Amino acid sequence: MTTAVREPQQVSPLTNRLNAILNSRGIDPSTAATEPTAEPVTAALELAAARIPRRYRDALADHPQVADWVQHVSRAGRSGPGGAPGIDHGPSLLIAGPTGTGKTHQAYGAVRSLLAAGVRLRWEATNTADLYASQRPRPGHDPERQLQALGRCPLLVLDDLGAAKASQWTEELTYRLIDRRYTHELPTLITTNLPIGELRDAVGDRVASRLAEMTERIILTGADRRRHPAH
Ligand SMILES: Nc1ncnc2c1ncn2[C@@H]1O[C@H](COP(=O)(O)OP(=O)(O)O)[C@@H](O)[C@H]1O
Ligand SMILES: [Mg+2]
């Protein structure tokens, strides 16, 4: 892609840092980012950084399969407003593993890497327990609208699937959300503490079947990083 010669632009330290990290992992940030979109991308990065929970603000998608997913989605990005690539559809990941192995870290790391690659990204993130809690009827809140927004957003991080106590009601909510994302092939990063074999009992067969088709599985292993941070 050719770029016009322009005055040097101010690039935020965050962009610089993310680009350096992508380069060190063999990902070329310029494959997606083009010169004319440098400013919106920087702004998007900064906005996104502000929405990422503090603990994961520097998270890197350093797992090779997650890095591959980032590259795949970046490449598939369609041209969005202003010429920056956006997400239309793409593969999803199911990141499984015991507590503290870095599942949420990889999920937010993936969001950050996509932004650093210049992908225009409207994304939402929710923990499933919080989702169920917020779906309970309460005055002045439209749970249906919230579910639709999560179902439709270009990228969704659905954290800790299967961690909350299951009921017919939670199963139905999860089904509607996953089915929407499955049907429209919307990239979704799902994490779960459960061994894959137990997922079906926890979320129901309809959800488990869709996840089997729509996600690539990544199993994180190792010690609980919260208790053994040096490992
Ligand atoms: N690849 C990593 N590099 C550095 N720190 C990490 C990494 N993965 C996880 N951590 C840290 O380990 C802790 C647990 O990670 P987290 O993603 O919350 O685990 P999980 O979601 O699997 O329970 C957090 O403090 C997180 O910042
Ligand atoms: Mg987590």
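The values are calculated or read from the model by the stated rules, or taken from the named source; none is laboratory data. Since this is a predicted model, take the numbers as computed values, not measurements. Cβ coordinates were reconstructed from backbone atoms using ideal geometry, including for glycine residues, and neighbour counts include every protein chain displayed. SASA here: full protein model, heavy atoms, side chains in, ligands and nucleic acids out. Shrake-Rupley method; radii C 1.70, N 1.55, O 1.52, S 1.80 Å.
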TODO: Go through the range 209-218 and give me each residue that's part of a helix (DSSP H, G or I) and surrounded by fewer than 17 Cβ atoms within 10 Å (Cβ to Cβ).
DONE: Ser209, Ala212, Glu213
TODO: Starting from the range 53-70, take each residue that is open to solvent by less than 80 Å² (accessible area, probe 1.4 Å) and list its partners that are aromatic (Phe, Trp, Tyr), counting only C-beta distances under 6 angstrom and pairs at least six apart or across chains.
DONE: Tyr56/Tyr108; Ala59/Tyr108
Task: Of the criteria (1) away from ligand 1 (no atom under 16 Å from the Cβ); (2) open to solvent by 30 Å² or more (accessible area, probe 1.4 Å), which one Gly90 fails - done: (2)
Open item on the list: Given (1) at pLDDT below 95; (2) more than 27 Å from Ala164 (Cβ to Cβ); (3) within 12 Å of ligand 1 (Cβ to nearest atom), identify the lone condition not met by Arg57.
Closed with: (2)
Open item on the list: Please go through (1) within 16 Å of ligand 1 (Cβ to nearest atom); (2) open to solvent by less than 50 Å² (accessible area, probe 1.4 Å) for Ala117 and return the number of the only condition it doesn't satisfy.
Closed with: (1)
Open item on the list: For the list (1) within 16 Å of ligand 1 (Cβ to nearest atom); (2) closer than 18 Å to Pro187 by Cβ; (3) within 13 Å of the chain's Cα centre (by Cα), I need the number of the one condition that Glu124 fails.
Closed with: (1)
Open item on the list: So, in the range 149-208, how many residues would count as being of a type in the set (Val, Ile, Thr), open to solvent by less than 20 Å² (accessible area, probe 1.4 Å), in contact with a strand residue (DSSP E or B) (Cβ under 7 Å, 6 or more places away or on another chain) and assigned to a helix (DSSP H, G or I)?
Closed with: 0
